[in-house]
Amino acid sequence: MFTPETSATSLSRAIHLRQVSCQEVMQATLARIERLNPQSNAIVSLQDPESLMTQARERDAQLARGESMGWMHGMPQAIKDLAHVQGLRTTLGSPLMKDFVASEDGLMARRMKAAGAIVIGKTNTPEFGLGSHTFNEVFGPTRNAWNPAKSAGGSSGGAAVALAQRLLPVADGSDFMGSLRNPAGWNHVFGMRPSHGRVPMSPAQDVFMAQLGTEGPMGRHVRDMAMLLSVQAGANPGNPLSLSDDPAQFAGALDSNPQGQRIGWLGDLQGYLPMEGGILDICQTALNSFGAMGCTVDEARLGMAPEQIWQAWLVWRQALMGPRIAPFLVNPANRAHIKPEALWEHDHSLNLTGAQLMAASASRTRFYLSMLALFEQFDVLAIPVSQVWPFDVGLRWPSSVAGRPMDTYHRWMEVVIYATLAGLPSISVPAGFGANGLPMGLALIGQPQGDLALLKLAHAYEMANQDMLSQRPPGI
């Protein structure tokens, strides 16, 4: 029987066994979206219900003929509004793009459609995906699933809330600066940033240097997330740095014995990162769970000064983001319609020199090598997924954290840059709830290309924390 609580893996099995029809799933999904989405604003550009029901009937007819497209056969799916889906708007959350309709699918959407997914619409994102807070002038803000007065995080905020409210069985997203991890942590679901090259992005402006952003999966269950990764991953000839490993590995068993795994706790980097009260405590509770599973948990220290890492990050971020904004500024009149944070990235990028970028690349190399040295002591690293609790939805970004002023619009998310800059896989697991009733996540960081091992550890954590993970948002 299909209910909103049905996992994506169980839903796929029930559809293929014809225990539930694709039409029933679509009908129930649309009814739930109609009831809950007006407040949360997680799903945008919702497609015509009659057309969606027609597609669901076609999927049922395929199964009646003994034909299955794959794991996502008949599964309703909304794609993050930074990725192209043929015939749907790709607004990027920008008023300059509000009427742009994609003429072809992006690679991720194409793979998900090929696996049988029915695209029902998009999930909301900040303008140009910038800032870990989902609001824009096209669709407005997405509200936290646990408290609609609070931010959903971002930039995959729409996806995380859609999962938490059971509007979607599984969700895609993308991550440059924590965008698959922060909203997962703030909405009590799982989010995974895969290894560098694991999920190739196409079309892409650049396929050589622009390696800090990646698409990836989110789910209410680790198994669902792994199954979606098996659909998204795989080499693509147009992405020369994409990994050639067989993505079917992620569709296999995740059961494992975590006993003896060594977890290095980075915490607040010995006081370098300001943290709001209660975050370290709730993450420590999650770490205690790993200890109970037989893992060892010890303090870990980065092998490079965090301020040096941040300065290298700023150069890389501006160098990669500036050219993405530049085409919109060919017409100077467009500047008035672009948010200040995007203009900040663009304007700073104009002053970068080749020597500065090479110096930042050398710093990045030293940081990566220091992380390899750290993995000689530990199998996995752990760090809070955010330095702040979900804040008021009307706030653009926190100007201070624990009394310390933030000197950029994104410094309050400095905690997420380490996995990104080193190209390492990272999974946000729900850590629990603060005294304020809001969720927080713990980010696990795996070894280079250690996506499967990290999924197995996250799965073991899920199995050991069923009571905490079974909590549901209000009204669900």
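The table below gives the values:
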| read-out | value |
| --- | --- |
| Helix runs (DSSP H) in the chain reaching 24 Å along axis by Cα, Kyte-Doolittle at least 0.0 | 354-374 |
| Calculated [θ] (222 nm, deg cm²/dmol) that DSSP helices of n ≥ 4 give over the chain, each run adding -39,500 (n - 2.57) | -11000 deg cm²/dmol |
| q = 0.10, 0.18, 0.22 Å⁻¹, segment 332-440: log10 I(q)/I(0) [Debye, one scatterer per Cα] | -0.46, -1.19, -1.29 |
| Sorted largest first, extent of segment 218-260 alpha carbons per principal axis (Å) | 39, 25, 14 |
| Ratio of Rg to Rh over the chain (Cα coordinates, Kirkwood Rh, two decimals) | 0.94 |
| Alpha-carbon centroid distance for the pair segment 404-440 / segment 282-315, whole angstrom | 11 Å |
| Per residue value of the accessible surface for segment 291-333 (all protein chains in place, 1.4 Å probe), Å² | 46 Å² |
| Of the chymotrypsin sites (Phe, Trp or Tyr not before Pro) in segment 186-221, those whose Cβ has at most 11 other Cβ within 10 Å and which sit in DSSP loop | Phe208 |
| The chain, relative contact order in percent, only Cα pairs under 8 angstrom and at least six apart counted | 16 percent |
| For segment 39-186, the fraction of alpha-carbon pairs in successive 5 Å shells from zero, as % | 2, 11, 19, 22, 20, 13, 7, 4, 1, 0 |
| Kirkwood-type radius of segment 118-225, with distances r between different C-alpha atoms, in Å | 13.7 Å |
| Dipole magnitude of the chain, debye to nearest 20 (Cβ charges: Lys/Arg +1, Asp/Glu -1, about Cα centre) | 420 debye |
| Set of aspartates and glutamates with alpha-carbon distance to Lys98 below 15 Å, sequence-local pairs under 8 removed | Asp81, Glu127, Glu137 |
| Surface accessible to a 1.4 Å probe, Glu127 within the full protein complex, Å² | 10 Å² |
| Among Leu302, Ile325, Ala292 - extreme Cα towards positive end, dipole of segment 273-327, charges at beta-carbon | Ile325 |
| Which listed pairs, of Lys113/Lys150; Lys80/Lys339; Lys339/Lys456; Lys150/Lys456, have C-alpha distances above 29 Å, in listed order | Lys113/Lys150; Lys339/Lys456; Lys150/Lys456 |
| Charge dipole of segment 347-408 about the Cα centre (unit charges at C-beta), most positive-ward option of Val388, Ala355, Pro405 | Ala355 |
| Percentage relative contact order, segment 101-238, counting C-alpha pairs under 8 Å, at least six apart | 22 percent |
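The values are calculated or read from the model by the stated rules, or taken from the named source; none is laboratory data. Remember, it's a predicted structure, so these values are computed and weren't measured experimentally. All Cβ positions, glycine included, derive from the backbone under ideal geometry; neighbour counts span all protein chains shown. Just the protein is used for accessible areas: all its heavy atoms, side chains included, with ligands, DNA and RNA removed. Shrake-Rupley method; radii C 1.70, N 1.55, O 1.52, S 1.80 Å.
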